[in-house]
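Peer 1: This is the structure I want to talk about, given as structure tokens.
Computed from the coordinates by the stated procedures, all read-outs in this text should not be read as laboratory data. These numbers were taken from a predicted model, which means no experiment stands behind them. Please note: Cβ atoms are built from the backbone with ideal geometry, for glycine as well, and neighbour counts cover all protein chains shown.
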Amino acid sequence: MDTRSSDREIIFKAQTGDLKAFEVLYKKHEWRVYRTALTILANPQAAEEVLQDCFLRAYKHLHRLNGDPSISPWLHRVAVNLCYSHLRRNYLAQLTVSMESLGNYFFPVSAPSPEESTHRGEIQAAIKQGVASLSFKHRTVVVLYYLQSFSLQEIAYILNCPVGTVKSRLYHARKALSQRLSGLRPQLAYELA
């Protein structure tokens, strides 16, 4: 059994007490869960704590996990809730989004010229600032949709809200980002062309 096995198979094995199967489950999902937490919290230590707590809860609740084809939405729901808890505990009002995560999403790694590199850096900084200025609920939807590529239905499950609410939050987040980044539109059009 390895990370190419289906979540259903891995969970079934783990439910029978196979610790290796749970380790495979961890290896299969750790990076995406960590990246989500890191992007929301912008703190590597806090993201690592969320990752560990998330999988601890998964292990404790293995008996509840039924034959869903993928455990990823459930893990992300737990991770987002743990991020909410972390923020409440630490009274963080403003968060920033990982520059590396956003930069790599909008501009894949390549060998740009020095001018392109400077230009991209300016755009990435503006995008980072724009996303960081969003409210937590809008930032979370942006992270799950654009960085983690979850469907609207999966995000609704993760956030425990209706799909319509997810669509609304995504719409308002896009609108707010569009307004904040309006000065960059010609540059973005050039970059994305």
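Peer 1: Within the set of other residues whose C-beta is less than 14 Å from the C-beta of PHE55, count the net charge using Lys and Arg as +1 and Asp and Glu as -1.
Peer 2: My count for the surroundings of PHE55 gives 0.
Peer 1: At a 10 angstrom cut-off on C-beta neighbours, averaged per residue, how do the peptides 121-129, 31-39, 13-21 rank from highest to lowest?
Peer 2: Peptide ranking by packing, descending: 31-39, 121-129, 13-21.
Peer 1: List, in the order given, every pair from LYS28/LYS60; LYS128/LYS167; LYS13/LYS167; LYS13/LYS60; LYS28/LYS175 whose Cα-Cα distance in the structure shown is over 26 Å.
Peer 2: Distance filter (> 26 Å) returns LYS13/LYS167; LYS28/LYS175.
Peer 1: For the stretch 1-76, count all C-alpha to C-alpha pairs, find those more than 19 Å apart, and express that count as a whole percent of the total.
Peer 2: In whole percent, the long-distance tail amounts to 31.
Peer 1: Straight-line reach from LYS137: which aspartates and glutamates fall under 19 Å, measuring Cα to Cα and dropping same-chain residues less than 8 apart?
Peer 2: Filter leaves GLU154.
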